[in-house]
Each structure stands twice: as C-alpha cells, then as structure tokens.
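Trainee: The structure under discussion is supplied below as structure tokens; questions concerning it will follow.
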Amino acid sequence: MSERPFALTNLRLIDPSSGFDGPGAVLVAEGVVADVAQGGDLGALSPDVEVVDAGGQLLIPGLVDLRVKTGEPGAETKETLKSAASAAAAGGVTTVVVQPDTDPVVDEASVVDFILRRARDIELVHVYPAGAATKGARGERMAEIGLMREAGCVYVTDADRPIVNSKVFRRVLAYAKAFDVLVAHRPADPWLSAGAAATEGEFAGRMGLPAVPPAAEKIMLERDLALVELTEARLLVDQVTTACGLEALQRGKARGLPVTATTSINHLSFNEIDIGDYRTFCKLDPPLRSEDDRQAVIDALASGLIDIVVSAHAPAPPEDKRLPYDQATPGAVGLETLLPALLNLHHDGGLPLLDLLRTVTSRPADLLGLPAGRIAKGAPADLVLVDLYAPVVIDSDKLLSKSKNTPFDGRRLQGQVITTWVDGRAVYRRG
Amino acid sequence: MTALDAGLNAVLGRTFPFPKRHFLSVLDLNEVEVTSLLDLADGFVALNRQTSKKLDLLKGRTLMNLFFENSTRTQSSFELAGKRLGADVVNMSPRSSSISKGETLIDTAVTLNAMQPDLLVVRHGSSGAASLLAQKVTCSVVNAGDGQHEHPTQALLDALSMRRAFGRIAGLKIAICGDVLHSRVARSNVGLLQMLGANVRLVGPPTLMPAAADRWGVDVFHDMKQGIAGCDVVMMLRLQLERMDGVMAPSQREYFRFFGLDREKLAHAAPGVRVMHPGPMNRGVEIDSEVADDLSVSLIQDQVEMGVAARMAVLTALSARLDNDR
C-alpha cells in the first residue's frame, strides 16, 4: 500500500456503476482510486506520481466472480487458493467468492476464518468465502449462518446441491433474512436430475446419454420463488440456464420478489452440440443446453433479467475428466476465460460493453455490499487494463489453474488482460 | 480342401479397401462400405457352414476382447470370428483384474495397448467409452456396445440377416419395438437401416422412448398393433427386468399385454413377416415363446449365425487396413 502513487492517462474508461464509457484518467494512491477524470485530465499531479500513458487501452473495474471452486481445503491436487488466485489475477478477476463444498465443508466460522487467513497470506486477489446453508451442505440442518456471517462469509449456499426439503429451505431463508444474509440456491429438481449427464432432447437421445429435462430447473425455481414470497428473504438464483427457467424468473421478478439471478459464462458460450464426441470438458453442472436455451439466456442477459455472470470455475484434474462421459466429474475452469468470453458477446453478439461488464463488476459487488466493482474516488484500486481487440487462442496448457479443464481450449477470442491491480498493487502483467 | 478353396476365393473376391481404422459407430460408415461388408460377410457365412472353417487372413494378429459388461453371446461371437480368421484371441475380464481396483479405463487401455494387440474389441457400460479408448490406443478398436449409444456389429448382423431373408433392405418396413430408450441396438439399427433405404418405425411406451425420437427420421408409435401394422420385420429389443415393476412400466404382465409380441399382435404385420431379437430373450415379457420358436417367422437363430460372419467381415476389413498402414 505504501507503493508509489501512479496515474493512468490516455484511457478508455468504462465504469458500469456510473454508466461512463469514454476517455479518462485515473490516479491511484494508498491502494485506492484517489482521483478519476471522466472525459478529461487529472489536475496537477505531485512530482512523485508515476504517470503511465495507457495508449488508449481500456480500463475497467476488476471483475467480481460470485461462484468459484478451489480444492482447498481437502482437494489441493485440483486447485489451491493460491493457484486459483493466480488464475483470477491473470483473468482480471480481483474478487472471488469461493464455494463452501470443500472438505471440510465451510459450515462453521473456523473454516470461514481459515479461508480468509489463507487468502490474506497469498496477497493476490480478494477472496471471500460463501458459507454452507446447511450443515455439511447435506440439506438437513441449518448451518451456523449468523456466526459465519460474523466471521466474514458473504452469502450462504449449498453450492451444487439443491436443498430438497422445502421445510428446511424455508427455514434457511427465514433465518438468513434476520441476519441480512443472502441465500443462493441451485434450481434443479433432484429426482429429474439424478444421474443426468446431458439435457434431454434429440442430441442426448442420439448419444445415449442419461438426460435431465429443462423443466427440472423451472420446477425448483418455482418452488424457491414461492418460498421467497412466503419469507420475503433475498434469494440469489444460482445459474439460470433454460428458457423455461427464465420464464419462471421473469414472473417472479415481475411480482417484485427480491431475487437476483446468475448464469455461467459457459452456458452463454456453448450449447449441447459442443459435447460432440463425448468431450468431458463440456460436461457441466447444470449440463449444457440446447441452442434455443442458450439464445434465451443471452437475451435475458441483454434485457437485464439475468443480473450477474459467473465463471462457475470448477477445477477437475485429468483423472476426474479422462473418463467415459457419464462417469466424468462435471465442471470447467473459467477464471482466466471469463473476461474474453464475455467480451466475445460484445465482439460477436453486439451486446453493449457497459451492460456486459456491469454483470461482472458493480452488480455482484453491490449485491454483496462490497466496495469493489467500480472506478470511483475512494474505491479500492481494483483495476484491469484490457487490450479489447487483441486476439487470443485459448490454450489450456497455458492456464495458471492447477486443473486445465476448459471447454474453451482452442477457441479464438478477442480481448486480453494487460495488467491487473488489486488495492493498487499490480498482481498480474501480461508477459 | 476344394470346398475351402472355393469358399476362400469367394471371400477374398469380396474384400475391399476399408478406409477406417476403428469400427465405432454406424454413422462413420457409408452405404458402399456397408454393402461391401455385407457382401464379405455373405462369403463368410458359406465358409462357416463347411467342416473346415479356418482361414489365415488374420494370421499373426492378436485380438483382445475387453468386456466390461458380461456378454457370453457377443464375446464368443468375436472370439470365434477371430479364431476362424487365424488370429490369436485373448479374453480380458476386467472384473477380475485391476480395473475393479480403481484403475481408470484409459490406464487399462494404455496398458493393454503396450502389449501390442492389433484389434481391441470393447464393450463398456458407458456411452462413448469405445470412442474414448480409440483416442488413446494405436490398435484398431471395435465397439461391441457402449452404454446406450451404439452396437454397430449388431446392426450389421441384423442387416445381413434381413438381406438374406428378403434379398434386399431398401423399402422394407421395419418396426423396432420395446425399450428403445436404453437400447444401443436400436440406435445402431436405426442409423444403418435408414442408410440402406429401409422405412423404420419405433414402437414402445413413452417411458421407454428417447426424447425427440421422432426427429431421428422414424415414425414413433405407442400402440403396438398400429406400430407393426404392415411391417416386414418386427425387431424386438431386450428389456431389463429391473426396469419393470413400476419403474418404466407398471408390471411385466401389463407390459406383455400391451407391448409383448404374440401371435395376435403379429397378425397385424405384413404377410411373410420375420421376427428378430438381439438376445438374450425374456420369454413371456417382450416375446411369446410361440413366436420366438416358430422357425417360419423367427430369424433369431439366423441372427446368431450371421453374428460370427458379420464380425469376421469387420475384423477382415480392419485388418486389411492395418496391413496398408505398415
């Protein structure tokens, strides 16, 4: 923090929270944004300020990723907090929320504290734990939500596992509301989803894959919305990926329910056909959907029905992926590909940059009440300098994640991180 | 040995350059390749009916049977096919080996591949397993059934049985009946028979029909009598009995009443209809013994015989391709 103050000038500045997209400059001192000049120049600078001409490159707030898994504690061969933090820094993600389904499960304050201390020692990006909503994430008994909140968990969730018992979930919602804790929940009917490796339809039928109908998402989402109406608690819908799920979400939001919804960058970028000849790197949870569903998700992102995009970073080593499709572990790493894949929706899909970036910066930060996700005077200097048009070919071997399971391997995208700063410290520079 | 020579010449006259290294899915084949394989197999049928059945087309080659699911019928069919062509045949039984001790499929494949087999015949309970293996080994891989995906040699032997019974496949009306959802036999047959110009229908209860099966280019029926009306071939599929009893159908007796093949339902098919079944049969569940054992309508015995010939054709074609690679 005591590093020399620096000014970035000649920028294209994008700050979704203030809706600004234009030329500008930023002064960073003491780990925070000391001054921002939107559309103009900074005033007179003291001589000890290092001035860097950015050559017109794009400066955006560091990304806030609400859904990241590592293997720490318990499965460090998959990913450690440190390797995940390095990957995040390289991907321009300056705040990550790690999921509680580790071993042990993050279902009590001591594990929350462990993760916060580890992250502090690593000193790369901001890491916040999500706590389990139920003990052991087993969906039976409430976890110590209040104590975990005090220890620093930012929301509660049972991660991939839906809380099947409606009575338990109702109590979780009602109890968490009293502590103003956000509850995230995966909308998936457990019986329809059991054993599924793909989405029901022509593709899964031809490939002989056990499949789940898209309605499984809608069924659970409708239940959750009904319980939100009952308890008036805040709900984060963990990855809406189907057109029918979006219809349910639309109705819930139209009723004014306090719900926020995410989707994953994978479901915005791929459809079930990408599974091809049983590519297990495309085995995800929820599974990849039809192209119609993917288009519906993109439309929902454009309209604002979906609020937030997550990487759904889920490292899986070769021994978990190099298996027959139905036996392979679902999930894909995503921290390093989130930004270029999102920018692809601008380059290829024509979605406005401000709207896209809002879903990974100010919206998730505001939802959790974090000071991050904006370029504003006094805000933490979590910044990313981006070469918006630089072509990249994603190469899984070059990922910093310990696991290399990316469905983007070989994909041609546009947009490269040049430098990532966290609290004014450069934590990544393009080599 | 003149009979053998005649048979051998008949066979060798029918070999053709097969362009694929593996035999994984009927969708990898085209009509010319399938027809050539069927012609070749026809020659092997004649050969197999002679006293001296042994050839040396695969002499020096090693064929490994790797069956992760038990199947006496298919495994011994491949074993006989390999032996009659002069190959050394090894049967690996993963249940008693290290695979059950946590070794992954790929580790097993790499280990076996190091023993330099030429042909690896694989059956596995997961869809796509044969294709996965094929990516990791240097030998030829034959898919002997992967999960609910494909069983291409079964489709080939079914086509051979039909072609010999009717003299053609194009234009035949064929009903595939029963548990289509879980059937790799059905998927391979739909692909192959459509390629050869047959008119294919699928018949079964909605719970045993894949989603969007009507987009496979077939007509889907949930009423057996309507489904087999006017059909030249009724192909019954094997039903896993544990899927009865209220899971996929209420009971065995209810299933037999509505979807089991008996004389009464068969009367709706075309005159001269032939009945097929990939075996093993659940008599009284999907097929009535009276129908199964009536040799004037049943091709079920023929299918087993054709199985050896069809697999000999596949092994010969793949082996010729291996020769070209050297």
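The values are calculated or read from the model by the stated rules, or taken from the named source; none is laboratory data. Remember, predicted model here, so these are calculated numbers, not experimental data. Cβ: placed from backbone, ideal geometry, glycine included. Neighbour counts: every protein chain shown. What goes into the accessible areas is simple: the full protein's heavy atoms, side chains included, and nothing from ligands, DNA or RNA. Shrake-Rupley method; radii C 1.70, N 1.55, O 1.52, S 1.80 Å.
Trainee: Among the residues of region B:256-269, how many are over 25 Å from the mean Cα position of the chain (by Cα) and touching a residue at least 24 places away in the same chain (Cβ under 8 Å)?
Mentor: Within region B:256-269, residues that are over 25 Å from the mean Cα position of the chain (by Cα) and touching a residue at least 24 places away in the same chain (Cβ under 8 Å) number 4.
Trainee: Moving to a separate point now. Between a residue in region B:198-214 that is free of Cβ contacts under 8 Å to residues at least 24 places away in the same chain and any residue that is of a type in the set (Val, Ile, Thr), which pairs come within a Cβ distance under 6 Å, given they are 6 or more apart or on different chains?
Mentor: Here the result reads B:Asp214/B:Val220, each pair linking region B:198-214 to a residue that is of a type in the set (Val, Ile, Thr).
Trainee: Is it true that B:Met248 is open to solvent by 20 Å² or more (accessible area, probe 1.4 Å) and either in contact with a Leu (Cβ under 6 Å, 6 or more places away or on another chain) or part of a helix (DSSP H, G or I) (or both)?
Mentor: Spelling it out, B:Met248 is indeed open to solvent by 20 Å² or more (accessible area, probe 1.4 Å) and either in contact with a Leu (Cβ under 6 Å, 6 or more places away or on another chain) or part of a helix (DSSP H, G or I) (or both).
Trainee: Restricting to region B:139-176, name every residue that is surrounded by fewer than 21 Cβ atoms within 10 Å (Cβ to Cβ) and within 29 Å of A:Ala204 (Cα to Cα).
Mentor: B:Ala170, B:Gly171, B:Lys173
Trainee: Among the residues of region A:84-118 satisfying the criterion of being open to solvent by less than 10 Å² (accessible area, probe 1.4 Å) and among the polar types (S, T, N, Q), which is farthest from A:Val427 (Cα to Cα)?
Mentor: The selected residue is A:Gln99.
Trainee: Looking at this structure, is A:Thr329 within 22 Å of the chain's Cα centre (by Cα), within 14 Å of chain B (Cβ to nearest Cβ) and either open to solvent by 20 Å² or more (accessible area, probe 1.4 Å) or over 27 Å from A:Ala88 (Cα atoms) (or both)?
Mentor: yes
Trainee: Among the residues of region A:384-404, is there at least one that is among the hydroxyl-bearing types (Ser, Thr, Tyr), open to solvent by less than 10 Å² (accessible area, probe 1.4 Å) and under 19 Å from A:Gln239 (Cβ atoms)?
Mentor: No, region A:384-404 contains no residue that is among the hydroxyl-bearing types (Ser, Thr, Tyr), open to solvent by less than 10 Å² (accessible area, probe 1.4 Å) and under 19 Å from A:Gln239 (Cβ atoms).
Trainee: May I pose another question? Is there a residue in region B:166-186 that is part of a helix (DSSP H, G or I) and more than 14 Å from chain A (Cβ to nearest Cβ)?
Mentor: Yes, region B:166-186 contains at least one residue that is part of a helix (DSSP H, G or I) and more than 14 Å from chain A (Cβ to nearest Cβ).
Trainee: May I ask you to list the residues in region B:148-184 that are within 22 Å of A:Pro324 (Cα to Cα) and out of contact with any Asp or Glu (no Cβ under 7 Å at 6 or more places or on another chain)?
Mentor: The answer is B:Gln148, B:His149, B:Glu150, B:His151, B:Pro152, B:Thr153, B:Gln154, B:Val180, B:Leu181, B:His182, B:Ser183.
Trainee: Give the residue that is nearest to B:Met236 (Cα to Cα), with candidates limited to residues of region B:191-219 that are of a type in the set (D, E, K, R) and modelled with pLDDT of 95 or more.
Mentor: Within region B:191-219, the match that is nearest to B:Met236 (Cα to Cα) is B:Arg201.
Trainee: May I ask you to verify whether B:Val90 is more than 14 Å from chain A (Cβ to nearest Cβ), in contact with a strand residue (DSSP E or B) (Cβ under 8 Å, 6 or more places away or on another chain) and either closer than 25 Å to B:Val32 by Cα or not basic (Lys, Arg) (or both)?
Mentor: yes
Trainee: Name the single residue, out of those in region A:303-317 being more than 30 Å from A:Lys253 (Cα to Cα) and in contact with a helix residue (DSSP H, G or I) (Cβ under 9 Å, 6 or more places away or on another chain), that is nearest to the other protein chains (Cβ to nearest Cβ).
Mentor: Checking each candidate, the answer is A:Ala316.
Trainee: May I ask you to list the residues in region A:180-226 that are assigned to a loop (DSSP other than H, G, I, E, B) and of a type in the set (A, V, I, L, M)?
Mentor: Passing the criteria: A:Val181, A:Leu182, A:Ala188, A:Ala194, A:Ala196, A:Ala197, A:Leu209.
Trainee: Keeping to region B:204-231, report how many residues are assigned to a helix (DSSP H, G or I) and over 11 Å from B:Ala175 (Cβ atoms).
Mentor: 7
Trainee: Here's another thing I want to ask about it. Given the options B:Val234, B:Val314, name the one that is under 30 Å from B:Ala87 (Cβ atoms), buried (at least 19 other Cβ atoms within 10 Å of the Cβ), modelled with pLDDT of 95 or more and within 23 Å of the chain's Cα centre (by Cα).
Mentor: From the options B:Val234, B:Val314, the qualifying one is B:Val314.
Trainee: Which members of region A:196-229 meet the condition of being more than 9 Å from chain B (Cβ to nearest Cβ) and under 20 Å from A:Asp274 (Cα atoms)?
Mentor: A:Ala196, A:Ala198, A:Thr199, A:Val212, A:Pro214 - these are the residues of region A:196-229 that are more than 9 Å from chain B (Cβ to nearest Cβ) and under 20 Å from A:Asp274 (Cα atoms).
Trainee: Taking A:Leu284 as the residue in question, decide whether it is touching a strand residue (DSSP E or B) at 6+ places or on another chain (Cβ under 8 Å) and either within 27 Å of A:Thr406 (Cβ to Cβ) or open to solvent by less than 30 Å² (accessible area, probe 1.4 Å) (or both).
Mentor: yes
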